[in-house]
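**Q** Below is the structure I would like to discuss, written out as structure tokens.
The values are calculated or read from the model by the stated rules, or taken from the named source; none is laboratory data. Every value quoted in this text rests on a predicted model; they were computed, and no experiment measured them. Glycine also receives a Cβ, built like all others from the backbone with ideal geometry; neighbour counts cover every protein chain displayed.
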Amino acid sequence: MVAGQLRANGITDARVLEAMAEVPREEFVPPEVRGAAYDDRALPIGRSQTISQPLVVAAMTQALALGPEDRVLEVGAGSGYQAAVLARLCESVVTIELDPQLAASARGTLERLGVANVEVVAGDGAEGWPAGAPYQGVLVAAAAAEVPPRLLEQLAEGGRLVAPVGPEGKDQELRLLVKSGGELLLRRLFPVRFVPLRRAPGRS
Ligand code: SAH
């Protein structure tokens with residue numbers, strides 16, 4: 001895919017470029033937009049949700065600087081595409097999806113493609129998934145006013161978390177937080193626009 005396009009936009013990590021080339025993006029989008037699977041834009045995946053544009057997927061993945069033994073948590077599985085890219089670069093991925101229909105569909109796609117090291121959990125990602133913690137990488141694929149504190153708790157020492165932060169429907173910024181000596185170092189990456197992180201029904 002679009003390796004030239006990714007490289008021209010700052011994606012330099014060879015393992016990330018390889019993972020982006022290997023994961024078949026068209027398998028994760030609905031049939032009616034399959035022809036646009038490799039366009040440089042976000043696409044609808046049903047249930048009012050979107051799969052991020054390839055460059056954003058690649059940049060978030062690169063920001064996590066994953067090693068082969070790392071465990072990763074994703075919030076917002078959506079189609080399962082981002083999780084499949086992460087899964088090629090680390091030991092295992094837990095990805096949480098609030099919408100049970102999307103969770104089931106992502107699980108089905110990943111199984112069909114033989115991606116064995118991703119677990120799709122249906123639930124509220126703001127709570128994280130303590131059973132698998134600590135995680136060396138956390139990727140949040142939906143925007144909130146602040147990074148949910150539980151996710152920071154579940155981040156390993158030296159671990160990296162990447163998340164869009166900002167108001168709904170407006171420009172948000174992609175933030176990278178690195179846990180170092182118990183502190184969080186912040187780097188602002190670039191402006192993005194993500195769907196909102198929703199609250200689970202019954203939670204205030
Ligand atoms: N990473 C996905 C795209 C994510 S779009 C992909 O590669 O296709 C954001 C997703 O976050 C949506 O599917 C939405 O349903 C989900 N979401 C929103 N709020 C959530 C929450 N509190 N917990 C888990 N998932 C949530």
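**Q** Which number in (1) of a type in the set (D, E, K, R); (2) farther than 20 Å from Gly159 by Cβ; (3) surrounded by 13 or more Cβ atoms within 10 Å (Cβ to Cβ) marks the one condition that Glu74 misses?
**A** (2)
**Q** Moving to a separate point now. Please indicate, with yes or no, whether at least one residue in the stretch 109-123 is more than 12 Å from the ligand (Cβ to nearest atom), free of Cβ contacts under 8 Å to residues at least 24 places away in the same chain and within 21 Å of Arg47 (Cβ to Cβ).
**A** yes
**Q** For the stretch 15-63, enumerate the residues that are among the hydroxyl-bearing types (Ser, Thr, Tyr) and within 22 Å of Arg112 (Cα to Cα).
**A** The answer is Tyr38, Thr50, Ser52.
**Q** Okay, moving on. Taking strands (runs of 3 or more DSSP E) that fall entirely within the stretch 133-204, which contain at least 1 residues that are farther than 17 Å from Arg71 by Cα?
**A** Qualifying strands (runs of 3 or more DSSP E): 155-165, 172-180, 183-192.
**Q** Now for a separate question. If the requirement is being more than 9 Å from the ligand (Cβ to nearest atom) and among the hydroxyl-bearing types (Ser, Thr, Tyr), which of these qualifies: Thr50, Thr61?
**A** The unique qualifying residue is Thr61.
**Q** Still on this model: Quick one: which residue in Gly10, Gly4 is within 19 Å of Val192 (Cα to Cα) and either within 14 Å of the ligand (Cβ to nearest atom) or surrounded by fewer than 18 Cβ atoms within 10 Å (Cβ to Cβ) (or both)?
**A** Answer to the check: Gly10.
**Q** Sticking with this one: Would you point out the residue of the stretch 64-105, among those that are over 13 Å from the mean Cα position of the chain (by Cα) and farther than 22 Å from Asp13 by Cβ, that is farthest from the ligand (Cβ to nearest atom)?
**A** Among those residues, the one meeting the criterion is Ala104.
**Q** Could you check, for the stretch 126-137, whether at least one of its residues is within 15 Å of the ligand (Cβ to nearest atom), modelled with pLDDT of 95 or more, of a type in the set (A, V, I, L, M) and buried (at least 24 other Cβ atoms within 10 Å of the Cβ)?
**A** Checked against the condition, which is being within 15 Å of the ligand (Cβ to nearest atom), modelled with pLDDT of 95 or more, of a type in the set (A, V, I, L, M) and buried (at least 24 other Cβ atoms within 10 Å of the Cβ), the stretch 126-137 yields no hits at all.
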